[in-house]
Amino acid sequence: MPFNILLYGFAAYGFFLVMTYLAMKFQWTKESGMVDKNNRYFQSMHDKYNQGFKVDSISVAKRRHEIMNRIILLNDYYPTNAEYILAVYDQSKDDKLALQMLDAVEIRLQNNASYLKDKKILNDKLKTTDHTTGLSAFEWMNIQEWKYFKEALIKDKKWIDSAANVSGVSSRLIVSCLVGEQVRLFNSRRERFKEYIAPLKTLALETNLSYGVTGIKESTAIKIEDNLKNKLSPYYLGEEYENLLDYDSLSVYSNNLNDTMHVRLQRLVQFSNHYYSYLYAALFVRQIKMQWERAGFPIHDRPEILASLFNLGYHKSKPKKDPQAGGSVFLINENEYTFGSVAFEFYYSGELAEEFPYYNQLFDWNKEKKMMAKNE
């Protein structure tokens, strides 16, 4: 009996070896394979992103708009996939990759009628090629003077940042006040702008009635100084600010434009160092902010109101429930603007956000940083 079992076992093993040999020789075990039903979509996607994938600034802006809208749509159906794609896009900043990832998901959604319907609606909204422009929606930012002004502004960044640091007023709010003052001169002093300001990439320096690049009146400068010292003033900011505008008898501020002026104005009328222009402007808006706060009508988050009051002056600063933006009216390319509207549009435009960033608050954005440095 054991012999028969052993004999049959060897016979079965021999049969297995023979069949294995024959199967390999005649390729009986080779799979025939198949072309994936979505292969044409894969090829189409490859061709789509390897032919004419534009890199000009307008195309880039449109692509990023498309990517974010498609991720938002996908999130309504498959938030996990949307989250993965957004994370990769945020890390890589690769538009092409993000679009390919979105297309890859959508290949699997060809039979999802609800998704396809919403995608069609989205595509219809994105078909704005004929209306796309590389210009700003804020028309006054499209004129040539604005380009030169931005270059001049960047040159002044160190003085603006210095004023922002000592006053606790955000640099972007200071610039919003400056923008209104400078932009209104584009029309009234266009020839002077073309002859002097544009070639030198410098800001317009005012020397008559209003002074410096931010256009501070002498009476306003005097009141700003007095309010720093007067503890009973509704504009009083506290002891830490009292000496910010004290005069340094060892410093010389005179030049061929200001040599007959009081030292107060000499500090404002400087050719390249505009620190005091920015510091007076920053302290003014901070004092106005304090006045309204004490009256129970805070405007600490209203750049257009603060800029409007900077333009109008102390006598127009009357705290109330519903403040209104406005101020001086001027023309730019025959279009009418107010000081407050220009300040508002610049502040929220995103222009120069890298140089003059947004913070969670317009005032005391640097207080936490100062406290940390003090405790070290």
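Throughout, read-outs are computed from the coordinates displayed, never taken from laboratory work. From a predicted model like this one, the values you see are computed outputs, not experimental measurements. So basically every Cβ, Gly included, is an ideal-geometry build from the backbone, and we count neighbours across all protein chains shown.
Here r is the Cβ-Cβ distance between K229 and Y84 and R0 is 51 Å; the resulting FRET efficiency, rounded to 0.05, is 0.30.
Among M68, M290, the ranking by other beta carbons within 10 Å of each residue's beta carbon, starting with the fewest, stands as M68, M290. Taking amide H atoms as placed 1.01 Å from N in the peptide plane, the amide H of N258 has no partner under 5 Å among residues 5 or more positions away or on other chains.
A full extension of the chain between D259 and K155 corresponds to an added length of 34.9 nm, given 0.36 nm per residue minus the alpha carbon distance.
In this structure the amide hydrogen of Y211, modeled in the peptide plane, comes within under 5 Å of the amide hydrogens of I216, K217, none closer than 5 places in sequence on its chain. Pair-distance distribution of region 54-127: all C-alpha pairs, bin width 5 Å, starting at 0; shares per bin in whole percent are 3, 16, 29, 26, 17, 8, 2, 0. With neighbour counts taken as other beta-carbon atoms within 10 Å, the residues I143, I160 rank, fewest first, as I143, I160.
In plain terms, the residue of V213, V166 with the fewest other Cβ atoms within 10 Å comes first and the most crowded comes last, giving V166, V213. Near I332, the amide H atoms lying under 5 Å from its own belong to Y337; only residues 5 or more places off or on other chains count, and H is placed 1.01 Å from N.
Once you have a ≥ b ≥ c as the square roots of the Cα gyration tensor eigenvalues for region 140-375, tell me rounded if a/c is under 1.5, and otherwise prolate or oblate according to whether a/b is larger than b/c. The partial results should precede the final answer.
Numbers: a/c = 1.44, a/b = 1.18, b/c = 1.22.
The shape class here is rounded.
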